[in-house]
Amino acid sequence: MAKFDIKTYLKDKRELVDSYLESYFATPSLPSVLHEAMRYSLFAGGKRIRPILALASYEACGRDPNDIIPQAAALELIHTYSLIHDDLPAMDNDDLRRGKPTNHKVFGEAMAILAGDALLTEAFSMMTNTNPPSPPSVASRTDFTKGGNTEVRASFTKGRDNNMEPFAKGEMGGLSGENSPPPTPPPSRGRDRVGGASDMKIKPSALMRVIRDIAISAGACGMVGGQAQDILSENTKPDIDTLHFIHLHKTAALITASVRMGPILADSDEDTLKALTSYGKNTGLAFQIIDDILDVEGNTKELGKSSGSDKKKKKMTYPSLFRIEGSRQKAHDLISEAINILRIFSSKADPLREIARYLIKRRS
Ligand code: IPE
Ligand code: IPE
Ligand code: MG
Ligand code: MG
Ligand code: MG
C-alpha cells in the first residue's frame with residue numbers, strides 16, 4: 001500500500017472544507033460590508049486544522065469524512081471569530097493575520113467585533129444545516145424534536161438554511177436597499193463538491209451532543225475563559241498552574257471538541273470517545289506551546305502574523321516559564337503521548353497520528 005502522505009491529506013481536506021465554506025458564503029447578505037468582513041478573515045488562508053481534526057477523527061471511527069463537512073467547517077467559523085477578536089486593540093492589538101492586515105485594520109473595530117459575533121452565531125446555524133431540501137418534511141421535524149434514534153437526512157448541499165432566506169432577500173422590510181442587486185441564488189456546485197453527502201444520516205441526539213460540547217468548549221468555561229485569563233495574566237509573574245489553565249482553555253478546549261466531534265457523530269462507544277478526548281487535549285496543549293515557540297523563533301512572513309507579539313504584550317507563555325528548550329520538550333512529550341493513546345486504533349487513525357507529528361514540525 002502507498003505510504004500515507006500527510007501533506008496531500010491536509011491539502012485535500014483543506015480544499016474540501018474551503019469549497020463548502022465558499023458555497024455557503026457565496027450568497028451576499030446585507031449589510032454587504034459585514035458579509036465582506038466575515039469573508040475577509042475566513043478566506044485569508046489558515047490551516048483549517050480544527051475541521052481537519054474533526055474529519056480525521058470521524059475517519060478513525062470508520063466513517064466517511066464527507067458525511068460531516070458542515071459540522072467540521074463550522075469549527076473554522078468559531079476559530080476565525082476568535083482570531084478576529086484576539087487581534088483587536090483591546091486584546092492582543094495585532095496588525096497582521098493570515099498574511100493580511102487584521103480585520104479591524106481594514107473594516108474598523110466595530111465591524112470587526114460584529115464580523116466575529118456573526119461568524120460565531122453562524123457556526124451554529126451551519127452545524128444544524130441538516131434540513132432536507134425545502135419544504136422540510138413533517139417527519140424529519142417531528143423526529144428531531146423527539147430526540148430519539150430516528151435519523152435526520154442531512155442536506156449538506158445547500159447553502160444557508162432556508163430560514164435565512166427572508167433576511168438574505170431583504171423581504172423583512174427595509175433590510176434591502178431599493179437599488180440593491182438581487183442576491184445570487186445559492187450555487188448548485190456545492191452539491192457536487194461535497195460528493196453525495198446529502199444522502200448521509202446523522203442521529204439528532206449525536207448532533208445535539210456535539211453542539212453542546214462545542215458551545216461549552218468555546219464559551220466561558222473554555223476558550224473565552226482562557227482568553228480572559230490570558231489578558232488578566234499579562235505583566236504578571238508566570239506560574240505553571242495559571243499557564244496551564246490559559247493554554248488548556250484558550251486553545252486546547254476547541255481543539256479537543258473538534259477531535260471529539262468525530263466519535264460523537266459516528267456514535268462510537270465511550271472508550272473510543274475517551275481515548276480521542278485525551279488525544280485532543282494533548283495535541284491541543286502542544287499546539288499552543290508550539291504557537292508560543294513560533295512567536296519567539298518564527299518569522300513574520302512564514303507565520304503570516306507578527307512574531308514577537310507575546311513579548312511585547314508580556315504574555316504568560318511556555319517559553320516565558322520554561323525557555324525554548326523546556327517548551328519544545330514539553331510539546332514533544334505531549335505529542336508522543338497523543339500518538340501512544342492511538343495505539344488501540346487501526347490504520348484508519350493514521351491521519352490523526354500524522355497530524356500530531358506535523359503539528360510539532362509546523363512552521364506556521
Ligand atoms: C492560531 O491558530 C491561534 C491559536 C489558537 C494558537 P492557528 O495556528 O490554527 O491559525 P490559522 O487558522 O492557521 O490561521
Ligand atoms: C489565541 O492565542 C488563542 C485564541 C483563542 C485565538 P494567541 O494570542 O497566542 O494566538 P495568536 O498567536 O495571536 O494567533
Ligand atoms: Mg491572544
Ligand atoms: Mg494573539
Ligand atoms: Mg500566539
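Of note:
- Filtered by the rule that a residue be surrounded by fewer than 23 Cβ atoms within 10 Å (Cβ to Cβ) and either of a type in the set (S, T, N, Q) or in contact with a Gly (Cβ under 9 Å, 6 or more places away or on another chain) (or both), the stretch 32-58 gives S32, A44, G45, G46.
- Meets criteria (over 23 Å from A90 (Cα atoms), surrounded by fewer than 23 Cβ atoms within 10 Å (Cβ to Cβ), more than 13 Å from ligand 5 (Cβ to nearest atom) and not hydroxyl-bearing (S, T, Y)) for I240: yes
- Matching residues, the stretch 91-114, being more than 13 Å from V33 (Cβ to Cβ) and aromatic (F, W, Y): none
- Only one of S57, S137, S125, S32 that is farther than 28 Å from S233 by Cβ, at pLDDT below 95, of a type outside the set (D, E) and away from ligand 5 (no atom under 16 Å from the Cβ): S137
- Qualifying positions in the stretch 235-255 - without any contact (Cβ under 8 Å) to a residue 40 or more places away in the chain, among the charged types (D, E, K, R) and over 17 Å from I290 (Cβ atoms): K237, D241
- Matching residues, the stretch 67-76, being under 9 Å from the mean Cα position of the chain (by Cα) and away from ligand 2 (no atom under 14 Å from the Cβ): A72, A73, A74
- Filter result for the condition that a residue is within 15 Å of the chain's Cα centre (by Cα), within 16 Å of ligand 3 (Cβ to nearest atom), touching a residue at least 12 places away in the same chain (Cβ under 8 Å) and under 30 Å from S233 (Cα atoms), over H79, H104: H79
- Scoring L352 on the criteria (1) away from ligand 5 (no atom under 16 Å from the Cβ); (2) within 17 Å of the chain's Cα centre (by Cα); (3) surrounded by fewer than 20 Cβ atoms within 10 Å (Cβ to Cβ) leaves a single failure, condition (3).
- Subset of the stretch 305-341 [under 30 Å from D269 (Cα atoms) and either in contact with a strand residue (DSSP E or B) (Cβ under 9 Å, 6 or more places away or on another chain) or surrounded by fewer than 20 Cβ atoms within 10 Å (Cβ to Cβ) (or both)]: H332, D333, S336, E337, I339, N340
- Test: R343 is away from ligand 3 (no atom under 16 Å from the Cβ) and over 22 Å from H249 (Cα atoms): yes
So that you can scan it fast, the table gives a plain yes or no per residue for (1) over 21 Å from H249 (Cβ atoms); (2) crowded, with 22+ Cβ neighbours inside 10 Å:
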site: A73; (1), (2): yes, yes
site: P89; (1), (2): yes, no
site: K100; (1), (2): yes, no
site: F124; (1), (2): no, no
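- Within the stretch 287-303, at least one residue is more than 16 Å from ligand 3 (Cβ to nearest atom), closer than 21 Å to H332 by Cα and over 15 Å from the mean Cα position of the chain (by Cα).
- Screening the candidates L273, L265, L334, L243 for the property of being under 24 Å from I84 (Cα atoms) and either in contact with a helix residue (DSSP H, G or I) (Cβ under 7 Å, 6 or more places away or on another chain) or within 16 Å of ligand 1 (Cβ to nearest atom) (or both) yields one hit, L243.
- Of the listed requirements (1) of a type in the set (A, V, I, L, M, F, W, C); (2) surrounded by fewer than 18 Cβ atoms within 10 Å (Cβ to Cβ); (3) within 16 Å of ligand 5 (Cβ to nearest atom); (4) within 30 Å of P204 (Cα to Cα), I344 misses just one: (3).
- Remark: pairs (first residue in the stretch 83-100, within 14 Å of D117 (Cβ to Cβ); second residue charged (D, E, K, R) and away from ligand 3 (no atom under 12 Å from the Cβ); Cβ separation under 8 Å; 6+ apart in sequence or on different chains) = L83/R98; L88/E109.
- Listed by position, the helices (runs of 4 or more DSSP H) enclosed by the stretch 5-66 that each have at least 2 residues that are closer than 26 Å to L265 by Cβ and over 13 Å from the mean Cα position of the chain (by Cα) are 6-24, 49-60.
- Near pairs, Cβ below 9 angstrom, 6+ apart or cross-chain, from the stretch 302-314 (of a type in the set (A, V, I, L, M)) to any residue that is outside any loop (DSSP other than H, G, I, E, B): L303/L96; L303/L294; L303/D295
- If you go through the stretch 258-282 and keep only what is over 12 Å from I341 (Cβ atoms) and either of a type in the set (F, W, Y) or touching a residue at least 60 places away in the same chain (Cβ under 8 Å) (or both), you end up with S258, R260, M261, G262, P263, L265, A266, D267, S268.
- Flag for N299 being of a type outside the set (S, T, Y), closer than 17 Å to R363 by Cα and either modelled with pLDDT of 95 or more or surrounded by fewer than 24 Cβ atoms within 10 Å (Cβ to Cβ) (or both): yes
The values are calculated or read from the model by the stated rules, or taken from the named source; none is laboratory data. Fair warning: this is a prediction, and the values are worked out from it, not measured in the lab. Virtual Cβ from ideal backbone geometry, glycine too; neighbours counted across all protein chains shown.
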